[in-house]
Amino acid sequence: MLDKVLLSDASLQEIDNELDKYPKDRRQSALLAALRIAQEEHNWLSDELIEYVAEVIGVPPVRAFEVATFYSMYDLKPVGRHKINVCTNISCMLRGCDQIVNYLQNKLGIGFGETTADGKFTLKEVECLAACAGAPMMQIGRDYYENLSPEKIDTILQALP
Amino acid sequence: MTTVTIEVDGKSLPAQAGEMLICVTDRNDIYIPRFCYHEKLSIAANCRMCLVEVENAPKPMPACATPVMDGMKVFTRSKYAQTAQQGTMEFLLINHPLDCPVCDQGGECPLQDQAMDYGSDDSRFLEKKRSLPSHDIGPLIATEMTRCIHCTRCVRFGEEVAGVVELGAPGRGEHMQIGTFLNRSIDSEVSGNMIDLCPVGALTSKPYRFAARSWELQNHPGISPHDCLGTNINIQTLRDQVERVLPIDNPEINQCWLADRDRYSYEAVNSEQRLTQPMIKDGRKWREVDWETAINHATAGITTVLNSGSGNDIGKGIGGLAAASSTLEEFYLLQKLIRNMGSDNVDHRLQQCDFRDDNIAPRFPASEIQIQHYNNLAAVLLVGSNIRKEQPLLALRLRDGCNKKGTKISAINPVDFDFNFDTVESDVAAGGQMVRSLATQAAHVAQIKSAELPFDIKKIADSNPGFEQTANNLVAAGENGLIIIGALAQQHTDASLLKAISQWICDTTGCKLAVLGCANSAAGWIAQCVPGDNGMNAGQMLGQNGSAGLRCFILLGTEPELDSIDGKSALATLNKAEFVVQISAFKSASVMKYADVLLPMAAFTESAGTYINCEGRIQNAKVAVTPKGEARPGWKILRVMGNFLELNGFEQITIDDVTEEINLTDITPSCRLVELQFHPTLSSGEKSTPDLMESDSLIRVVDMPMYRAEVTLRHARALQQTADNPPPAAGLNPATASRLQLNDGNRVKVQNQSGSATLELRTNDRLAENCVYVPAGFMETTDLGRHVRVTVKKIE
């Protein structure tokens, strides 16, 4: 029994659409997508939300928890309004991502995995996001920003609400 | 299946094509080391310990996940294989703390043993080991997760065997750790098996923690007395004290599993509440005495009652009641003692209230299908059975059959129990509705088989069809189908009718029948610890608040105020009786109020005895430890009482002398009534089972929770703390609760003709509507007696 409803009708409908992609007795397959949908609505996955998603899918909560803790793109702690994922993998490293990382950390006053006091930005270090041609790069929300320089970062961050 | 030949270490072996290499080597006593592989679990192949050399394979192959092929050449101890095994072992030990001296698993640890046999004597790992916090996951299992090697046996056991996914493996890579969601407790009724499965000391038994080292323990094979399976146990003792109980593998009964009830009940044996000295009541004060004084006091009291009777009435005022978990010999001697005194009032069925079919009863409650075939059924109908809590290991077999053979299981129960197998159809019906639901199925069967439906069934069957598939499934299954009469049906006020209708369905469809009696009840019947034609049954002896007029009771291992479904009347009867002899391993405040003599009895680990399971299988348990204090085996106490009462036939010297007296020939498990009789339901007076349609009153659903059903379990400390043993509460369907304007968590007064109980309300949508679930087995609910019609009011 779902005591509390933690997701909007739209999100639940989206999860239903995902469930339709798999055989009826393979509902667990939609777990990955369902957790993503839940995270998009709430910005991060609380324990309560993970358990709720598990109930929606019909699997034991620990199964959803395993998935949520396995993939680094799920956020299990609150994150800022904008999540900045900076790639530090080889291509970006060769193209000077260290400087970019330093600049971002100094500008925002936070380290990796931290959130600014105003709750606006979270900085995360990620592996290759498959945009090596535009290294160094970062991802904010769903958008890629490539060929970064300190000046460019200033403009990008300023433009964000 | 085609047979192939493979060669292992130069030996030519036959094998089934496609089976895994490790199965072949195990069968031929060639040992390959392993951690994650277990014959009862799926193959994970994640520990890599079973690597062997296979000719022409480009790399070492895991024996647990390598199917055999014709002509395959395998080397398990070649240099190549050994290097691979040593490498794996070195890797597994990277994070293992090697704290064997303080680890309970030390000495019986596959990791320790295999590190000696297959590991190298050195490690190249000089970095820091990772360590993990351990969490409290309940009263039964202690965790030390730093020791875990991530074989996932425990996780697979939960998912595949127990049917409850509680443990998982969150995290990735080095951060992966076995645990429960938010460190919740593990509540499965068979959770202790994870301890046996764990190949390291990550999961160990909490009650056994630091109690002994495995090599100091002595093993004593025994039989678990708690359900009708006769589970084989290994009672491990140190310095004459039971320290642990483990399963003994018996593929025909318990396989390698054990229910937590069988595993942890031994704690009661060492409990502080043990009665260790004979005691007699002088006026109102209790004092400890020696055996002779106690038995003299007991027999004097009994004789006084005997002598006050006259002529044919001599002895009629005496009644004997035995716990269902007593041994065959105890049952036998108790009934012999009672009968030799001229009484026929002897019984062990304290949880039953409908005895109308006693005169046509079969020899003992039984299962017509052997335990080992419970995995192979085509269709099952559970009638009033929460089999998962009543016979946990049978539920595991049904689950296995359901998953592998597609057993179609249906249930008619007052609660839609949370089974660990899928049900095809489940009718939530309490009281009279349960009888009606079953009768309706009989009507379906009659229709399908074009059989004539007996009028007595017809008049209660519902025109509303109810289930659609169950009858079809049973008919289709024929002799591969089974109807199980569970504890809730046997405790039902119309139990005799439920049994008769089930039997009619079985007769008509060819299905088999199983009446799964509680504990060692089969032995109780076979030893004739049931009333004869002139005797009173447990219900009559204890019923009507003592108006049956029994003046003297001999109680064997039972506390009727808690063991009986009608605790209130039992208590009133015993308080009213002139003389009560309690032969028990435990003392309690309520017993000390009504008893006049307390005779300390040996617990199940301390006494030899015979157990007969639902298949009619006779198993003997031997003594594992000396009885505590002055306690003596029940059979000896009864025999000496017989001597002191100067009765004939109490000259036995050993327990075998007692067993020999009992007729154990021709024990065919049949639970069919000798003659099919349909006892009328809804009879006059207080309706035996009121219908549910009247809206002003509610029907009480009574259940004996799994860890409250006998005195031993009530003293097992850890079991009492489990989630399966919540404090008594009043369960109510949310719809019924809202109709009565009650909410979850309210304090409510449940009242009926007998009395009342003040309980917390718990809404439960698995419960039938217009019912209140109030468990028996608690002093808090004793007052409600057996009256089923109750009211529930909120306490402001």
**Report entry** Identity of the residue in segment B:342-378, over 26 Å from B:Asp566 (Cβ atoms) and among the hydroxyl-bearing types (Ser, Thr, Tyr), that ends up surrounded by the most Cβ atoms within 10 Å (Cβ to Cβ)
**Finding:** B:Ser367
Report summary line: Going through (1) surrounded by 13 or more Cβ atoms within 10 Å (Cβ to Cβ); (2) not in a loop (DSSP other than H, G, I, E, B) one by one, B:Ser12 fails only at (1)
Query - Filter result for B:Ala757 (in contact with a strand residue (DSSP E or B) (Cβ under 6 Å, 6 or more places away or on another chain) and either at pLDDT below 95 or open to solvent by 20 Å² or more (accessible area, probe 1.4 Å) (or both)) - result: yes
Report summary line: Out of (1) modelled with pLDDT under 95; (2) surrounded by fewer than 21 Cβ atoms within 10 Å (Cβ to Cβ), the one B:Lys206 does not meet is (1)
Requested in this report: Say whether the condition of being in contact with a Lys or Arg (Cβ under 9 Å, 6 or more places away or on another chain), among the aliphatic types (A, V, I, L, M), open to solvent by 10 Å² or more (accessible area, probe 1.4 Å) and not in a loop (DSSP other than H, G, I, E, B) is met by at least one residue in segment B:273-293.
Outcome: yes
Report task. Restrict the check to segment B:226-233 and report whether at least one residue is closer than 21 Å to B:Gln105 by Cα, at pLDDT 95 or above, open to solvent by less than 10 Å² (accessible area, probe 1.4 Å) and of a type in the set (Ser, Thr, Tyr). Result -> no
Report summary line: Going through segment B:447-470 in order, the residues found to be over 20 Å from B:Val424 (Cβ atoms), surrounded by 14 or more Cβ atoms within 10 Å (Cβ to Cβ) and out of contact with any helix residue (DSSP H, G or I) (no Cβ under 7 Å at 6 or more places or on another chain) are B:Asp456
Report task. Would you check if there is a residue in segment B:137-159 being within 14 Å of another protein chain (Cβ to nearest Cβ), over 27 Å from B:Cys402 (Cβ atoms) and open to solvent by 20 Å² or more (accessible area, probe 1.4 Å)? Result -> yes
**Report entry** Elements of type strands (runs of 3 or more DSSP E) contained in segment A:95-161, each with 2 or more residues being in contact (Cβ under 8 Å) with a residue 24 or more places away in the chain
**Finding:** A:121-126, A:138-140
Query raised in the report: So, in segment B:572-585, of the ones that are free of Cβ contacts under 8 Å to residues at least 60 places away in the same chain and open to solvent by 20 Å² or more (accessible area, probe 1.4 Å), which residue ends up farthest from B:Ile235 (Cα to Cα)?
Result: B:Lys576
Query - Top-ranked residue of segment B:384-439 - restricted to ones that are β-branched (Val, Ile, Thr) and either touching a His at 6+ places or on another chain (Cβ under 9 Å) or farther than 18 Å from B:Asn480 by Cα (or both), ranked as surrounded by the most Cβ atoms within 10 Å (Cβ to Cβ) - result: B:Ile412
Query raised in the report: Out of all the residues in segment A:79-104, which are under 30 Å from A:Glu48 (Cβ atoms) and open to solvent by 80 Å² or more (accessible area, probe 1.4 Å)?
Result: A:Arg81
Report summary line: Of the residues in segment B:520-535, those that are surrounded by 23 or more Cβ atoms within 10 Å (Cβ to Cβ) and not hydroxyl-bearing (Ser, Thr, Tyr) number 9
Report task. Only residues in segment B:657-678 that are in contact (Cβ under 8 Å) with a residue 24 or more places away in the chain and more than 16 Å from B:Ala527 (Cβ to Cβ) count as the first member; pair them with residues that are open to solvent by 50 Å² or more (accessible area, probe 1.4 Å) and of a type outside the set (Gly, Ala, Ser), Cβ under 6 angstrom, at least 6 apart or cross-chain, and list the lot. Result -> B:Phe678/B:Asp456
Query raised in the report: Any idea which of B:Ser123, B:Ser134 is in contact (Cβ under 8 Å) with a residue 12 or more places away in the chain, in contact with a strand residue (DSSP E or B) (Cβ under 7 Å, 6 or more places away or on another chain), part of a loop (DSSP other than H, G, I, E, B) and away from chain A (no Cβ under 14 Å)?
Result: B:Ser134
Query raised in the report: Do we find a residue being open to solvent by 40 Å² or more (accessible area, probe 1.4 Å) and assigned to a loop (DSSP other than H, G, I, E, B) anywhere in segment B:103-117?
Result: yes
Query raised in the report: Any residue at all in segment B:328-342 that is at pLDDT below 95 and in a loop (DSSP other than H, G, I, E, B)?
Result: yes
**Report entry** For A:Ser91: the one exception among (1) assigned by TED's automatic domain parsing to the domain that holds A:Cys128; (2) of a type in the set (S, T, N, Q); (3) over 30 Å from A:Ile156 (Cα atoms)
**Finding:** (3)
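The values are calculated or read from the model by the stated rules, or taken from the named source; none is laboratory data. Since we're looking at a predicted model, the values are computed, not measured. Neighbour counts run over all protein chains shown; Cβ positions are idealised from the backbone, glycine included. Ligands, DNA and RNA are excluded from the accessible area calculation, which covers all protein heavy atoms including side chains. Shrake-Rupley method; radii C 1.70, N 1.55, O 1.52, S 1.80 Å.
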